[in-house]
1. Find the helices (runs of 4 or more DSSP H) located wholly in segment 8-96 whose residues include 1 or more that are touching a helix residue (DSSP H, G or I) at 6+ places or on another chain (Cβ under 8 Å) and modelled with pLDDT of 90 or more, and list them.
2. Keeping to segment 125-143, report how many residues are closer than 20 Å to Ala45 by Cβ and modelled with pLDDT under 95.
3. Considering every residue within segment 191-204, establish whether at least one is assigned to a helix (DSSP H, G or I), modelled with pLDDT under 95, out of contact with any strand residue (DSSP E or B) (no Cβ under 7 Å at 6 or more places or on another chain) and not small (Gly, Ala, Ser).
4. Give the residue that is nearest to Asn50 (Cα to Cα), with candidates limited to residues of segment 91-124 that are in contact (Cβ under 8 Å) with a residue 24 or more places away in the chain and basic (Lys, Arg).
5. Output the residue which, of all residues in segment 88-128 that are under 21 Å from Arg37 (Cβ atoms) and among the aliphatic types (A, V, I, L, M), is surrounded by the fewest Cβ atoms within 10 Å (Cβ to Cβ).
6. Could you please give the count of residues in segment 117-141 that are within 18 Å of Val186 (Cα to Cα), assigned to a helix (DSSP H, G or I) and not acidic (Asp, Glu)?
7. Scan segment 97-116 residue by residue and report those that are in a loop (DSSP other than H, G, I, E, B) and either of a type outside the set (A, V, I, L, M) or farther than 14 Å from Pro71 by Cα (or both).
8. For the subset of segment 144-189 comprising residues that are among the small types (Gly, Ala, Ser) and farther than 21 Å from Leu52 by Cβ, which member is modelled with the highest pLDDT?
Amino acid sequence: MHSINHKKKQPDTARRYDKLSRYYDLIAGFFERRYIRKGLHLLNAKPSENILEIGFGTGYAITQIAEAAGPKGKVYGIDISKGMYRITEKKLKKRNLLNSVILRNEDILKSRLSNNFFDGIFTSFTLEIFNDNHIESVLKKAYHALKKNGRICVVCVSSSKKEKIPMRIYRFIHNRLPNFIDCRPVDIQKFIKKARFHIVANNFFSIAGITAAAILAKK
């Protein structure tokens, strides 16, 4: 959960995650990791591939992607938080992966991505922090950045037609305290299809009664 809040301006979000970065793994990282692993399994990064992670946070996923891509691959990461950037850089250095990864501390909405460059794109608990228009913009940018038959994997809190009580409580708290719970449930399949991707796999699972999804789609 490390990008741009749909109710907050960019500097506010960056500052908030800078403050959270030191404690993020304790607060949310451990909780999210099992679901991020599901997404990484779907992405299935291979040696020599070019992979981008949008919203790399404290670096849990990007380190694994870099290890999978190997020395012949190249991994790129974009995150708005300087605090997250520093922590991820330290983790990559500790694992001797810095030469395989290029990190950029910037807003994905303002980032310039080369067309037809990436074999795969990964993002987890990030898109649902954007408003609808921005989700569409990010996915459109991802579509153009992927090679033909390139793939994207999105892990996020997912909305559903029949929401259970925990999800209703989660949505209520989010609406009242968006700075405390900033990931809003979204119909991510709708956005992915609108961006012209073709969904090839979708896994839905429960996080303490809250629905989340790992979606793999191809260009």
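The values are calculated or read from the model by the stated rules, or taken from the named source; none is laboratory data. Keep in mind the model is a prediction, meaning the values are calculated, not measured. For neighbour counting, all protein chains shown are included, and Cβ atoms are generated from backbone atoms with ideal geometry for every residue, glycine included.
1. Working: elements: 10-20, 30-43, 60-69, 82-94.
Result: 30-43, 60-69, 82-94.
2. Qualifying residue count, segment 125-143: 3.
3. The first filter runs over segment 191-204 and keeps only residues assigned to a helix (DSSP H, G or I), leaving 191-194.
From what's left, modelled with pLDDT under 95: none.
Looking for residues that are assigned to a helix (DSSP H, G or I), modelled with pLDDT under 95, out of contact with any strand residue (DSSP E or B) (no Cβ under 7 Å at 6 or more places or on another chain) and not small (Gly, Ala, Ser), one finds none in segment 191-204, hence no.
4. This residue is Arg104.
5. Leu97
6. Initially, segment 117-141 is screened for residues within 18 Å of Val186 (Cα to Cα), giving 122-140.
Adding the requirement that they be assigned to a helix (DSSP H, G or I) leaves 127-129, 132-140.
Among the residues that remain, those that are also not acidic (Asp, Glu) are: 127, 129, 133-135, 137-140.
Number of matching residues: 9.
7. Filtering segment 97-116 for residues in a loop (DSSP other than H, G, I, E, B) gives 97, 106-116.
The answer is Glu106, Asp107, Ile108, Leu109, Lys110, Ser111, Arg112, Leu113, Ser114, Asn115, Asn116.
8. We begin by selecting, within segment 144-189, every residue among the small types (Gly, Ala, Ser); these are 145, 150, 158-160.
Those left that are additionally farther than 21 Å from Leu52 by Cβ: 158-160.
Numbers: Ser158: 83, Ser159: 76, Ser160: 69.
Only one residue fits best here, namely Ser158.
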